[in-house]
Each structure stands twice: as structure tokens, then as C-alpha cells.
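Structure first, then comments.
Bear in mind that the values in this text are calculations on the coordinates, not laboratory data. The structure presented is a predicted model; accordingly, all values stated were derived computationally and were not measured. Don't worry about glycine lacking a Cβ; one is built from the backbone with ideal geometry, like all the others, and counts go over all protein chains shown.
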Amino acid sequence: MFPSHPASLTRFMYDLMIIGGGPAGITAGIYAARQKLNTLLITKDFGGQVNNKAVAVENYPGFEKISGLELIQRFENHLKKQEIEIKIDEVAKIEKKTGNFLIITKNKQKIESRAVIVASGGDPRPLEVPGEKEFAGRGVSYCVLCDGPFFKDKPVAVIGGGNAGFEAAIFLSNIAKKIYILENSPQIRAFADNQEKIKKTGKTEIIINAALKEIKGDKFVKSIIYQDMITKELKTLEVKGIFVEIGTQPATSFVKDLVDFNERDEIKVDFETFQTKTPGLFAAGDVNLGKYKQIVTAAGEGAKAALAAYDYLQKLS
Ligand SMILES: Cc1cc2nc3c(=O)[nH]c(=O)nc-3n(C[C@H](O)[C@H](O)[C@H](O)COP(=O)(O)OP(=O)(O)OC[C@H]3O[C@@H](n4cnc5c(N)ncnc54)[C@H](O)[C@@H]3O)c2cc1C
């Protein structure tokens, strides 16, 4: 039996449902619409992680330097010129029933689709150390673009020595007095151009082999304690702000019964079609086990997943 028809949608049954409005989902939407699939894209927001980007994007072909917000606005405008339905909502669960997918949203809407592309990316990965939850919003931040300006002329720490951590520190170098970057491995993982930019700031100290142990303060953050992983010595840094940049955790709870995961909870896919272990269910972008998580790779995977979904649907009919 069909679920009750949500008033704002035009169909009981879609060919394809895309979950996510980041680079992967938007690109999948453009490709699906151009293949004339009856497509619904459901997303909590447009832009995904690109909305949190503090410095300009310099590695998306065709744009030597463009702000993340402008780039994603262009993606969104392009999508909205296509014949595609868009709904702002959160997917709570996907089930597969009698060959089709039943999608249940947070607003309790039920929608059916013949194929699904999961492009739900990830949310910031938490530190999981004492003091993190207590001081969230009181010195601990997961968005340097949103909260960085509160730390004018103050010492701050960025946790994570990857590209996101380095870019956060580059952004903060125009605001904060001193920036520490803590990395818990012996190597820095940020790209070479970001490493060069950090050197030029003149006020960033990189501490490798540093395992964060605790965040301390009273009303607001006052210091952090980390362990030198080589000497095992505990050290204290007096900082007013902590920016968490240790990567993302895939947003997959709504699909967990239909897919397999790797050890990082990323969805396993076949890299030719981006199909999961469930026929007709695809996963593109940061949500899958792909190693190089970038805007251009997410967009490329969105395109491939949409074309693979089209082939899958052609074989069904
Ligand atoms: C700080 C930072 C800087 C970066 N800088 C660069 C850079 O310079 N160049 C570059 O190429 N890459 C950069 N990246 C990486 C890039 O942003 C990601 O690889 C890319 O955004 C992944 O796209 P995505 O579509 O897979 O996922 P996301 O961008 O995470 O988008 C996921 C979408 O899914 C939606 N969603 C999630 N769960 C649900 C649900 N249950 N229901 C409905 N919707 C849902 C979200 O609202 C969001 O719209 C950066 C990342 C960060 C965090």
C-alpha cells in the first residue's frame, strides 16, 4: 500500500530520491534531472561542509579563488534551474519494501522511491575528552567561520593538523594573538600550500605527537592539557578558544540496516557504480569509504552515482 501522499509533493513514487544538498547531492540532482528521472532531493540545508569553510576555495577547476559560500550558491542556482523537486527536511529512516524504498522524514512524511542516492556527507567529529561537552559554545567550537571572530587578540588552539585544521589557523591568524595547532600523529597531513601559508602567519606553533587529554576552565575555557606521545609528559597550554578540526563522522544512522560500513563508519560501495550492498541504493561523496574527500571528488561521485542509478532504473523497467 502507498503511504499517504505528503501535501507539498507532486508524486506518490519517485524514480530517484537524493539525500543531501552538498556538492555530491547537488551534482547528482543536476545529472538525474538531465536524464529525465522524476527526482526528489531532500536535504537539511544547501552547502553542507562547504558552508563552514573559512578561507577561499582554490582547488575547484574553473575558479582560481572563490569563497565557499559563493561556489555553493552557484551549485544551488544550477540545480534549481533543472526539473527536480526539492524538499528541506531530514531523512530519519530508509526501508526497502517490495522492491522500492520507503523514506521516512523527521517531519513524519513517508515517500517512496525506486532508487536512492545517499549523499549525506558528515558532521564534525567530536574530541571525546573531558570538558568538551561542558565548554561547547563557551570556548569549544566546531565552526571557525562562525566563532573565530569572538577570539580577537586571544590565544587559541586548533585541534587537528589536516587541511581543515590548517585553514582554520590561517583564518584565525587575522584575528587571534597566537595559534597552536595540535596534531596527534608524527606527521602533518595538510597539503603543501597550506603548510606554506601557515609559516607566513608568523604566529602559529605546530605541536605534533600531541594527544589532547582535557579541556579546563570555569565559566569559559582557560586551558587545555595534552600529552606528549613520545615523552608521555602532560603539558598545559593557556588558551581561550579551541577549534575542533579532526574530520567528520559520516551521517548514516538513517540507512544503517541497508549498508555495510568500514571501521570509520563510512559506507562501503562498489567504486564503479557507487552502489551499496542493497541494489538501487547508492552512496556518493564524503559519506562513503573513498579516501580523498574534496568538493570536486564529491561532485564527481554524485555525477557517477546518478548515471549508475539511471542505468539501474533502465534495467528495472
Ligand atoms: C573546514 C573545511 C574546509 C574544506 N575545504 C575544502 C577545500 O578547500 N576544497 C575542497 O575541495 N574540499 C574542501 N573541504 C571538503 C569538502 O567540503 C567536502 O569534501 C565536501 O563538502 C563533501 O561533499 P558531500 O556532498 O559529500 O557532503 P557534505 O558537504 O557534508 O553535504 C552533506 C549534505 O547532506 C545533508 N544531510 C546530512 N544528513 C541528512 C539527512 N539525514 N537528511 C537530509 N539531509 C542530510 C547536509 O545537510 C548537507 O547538505 C573542506 C571541508 C571542511 C570541513
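For the range 102-122, which residues satisfy the criterion of being crowded, with 22+ Cβ neighbours inside 10 Å and farther than 20 Å from Asp45 by Cβ?
In the first step, residues of the range 102-122 are kept if they are crowded, with 22+ Cβ neighbours inside 10 Å; the result is 103, 111, 113, 115-121.
Across the range 102-122, the qualifying residues are Ser113, Ala115.
Scanning the range 30-66 for residues that are under 30 Å from Leu9 (Cα atoms) and away from the ligand (no atom under 11 Å from the Cβ) yields a total of 11. Is at least one residue of the range 207-227 touching a helix residue (DSSP H, G or I) at 6+ places or on another chain (Cβ under 8 Å) and of a type in the set (A, V, I, L, M, F, W, C)? No, that holds for no residue. Residues in the range 238-263 that are assigned to a loop (DSSP other than H, G, I, E, B) and under 14 Å from the mean Cα position of the chain (by Cα): 5 in all.
Scanning the range 62-92 for residues that are aliphatic (A, V, I, L, M) and assigned to a helix (DSSP H, G or I) yields Leu69, Leu71, Ile72, Leu79. Of the residues in the range 209-221, none is in contact with a strand residue (DSSP E or B) (Cβ under 8 Å, 6 or more places away or on another chain), on the phi > 0 side of the Ramachandran plot, assigned to a loop (DSSP other than H, G, I, E, B) and free of Cβ contacts under 8 Å to residues at least 24 places away in the same chain. Annotation: of all residues in the range 282-292 being more than 9 Å from the ligand (Cβ to nearest atom) and surrounded by 24 or more Cβ atoms within 10 Å (Cβ to Cβ), the one that is farthest from the chain's Cα centre (by Cα) is Phe282.
Per-residue answers, yes or no, for (1) within 30 Å of Glu58 (Cα to Cα); (2) touching a strand residue (DSSP E or B) at 6+ places or on another chain (Cβ under 8 Å); (3) basic (Lys, Arg):
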{"position": "Ile225", "(1), (2), (3)": "no, yes, no"}
{"position": "Ile267", "(1), (2), (3)": "yes, yes, no"}
{"position": "Pro279", "(1), (2), (3)": "no, no, no"}
{"position": "Ala284", "(1), (2), (3)": "yes, yes, no"}
{"position": "Asn288", "(1), (2), (3)": "yes, yes, no"}
{"position": "Ala308", "(1), (2), (3)": "yes, yes, no"}
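For (1) of a type outside the set (Phe, Trp, Tyr); (2) under 20 Å from Ile86 (Cβ atoms); (3) in contact with a strand residue (DSSP E or B) (Cβ under 6 Å, 6 or more places away or on another chain), each residue gets a yes or a no:
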| position | (1), (2), (3) |
| --- | --- |
| Ile30 | yes, yes, no |
| Leu37 | yes, yes, yes |
| Asp45 | yes, yes, no |
| Val55 | yes, no, no |
| Gly62 | yes, no, no |
| Ser67 | yes, no, no |
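Could you check the range 116-137 and list, in sequence order, the residues that are among the aliphatic types (A, V, I, L, M), under 21 Å from the mean Cα position of the chain (by Cα) and away from the ligand (no atom under 12 Å from the Cβ)? Scanning the range 116-137 gives Leu127, Ala136. Take the conditions surrounded by 19 or more Cβ atoms within 10 Å (Cβ to Cβ), more than 25 Å from Leu145 (Cβ to Cβ), in contact with a helix residue (DSSP H, G or I) (Cβ under 9 Å, 6 or more places away or on another chain) and of a type in the set (Phe, Trp, Tyr) and apply them to Tyr31. Does it pass? Yes: the conditions hold for Tyr31.
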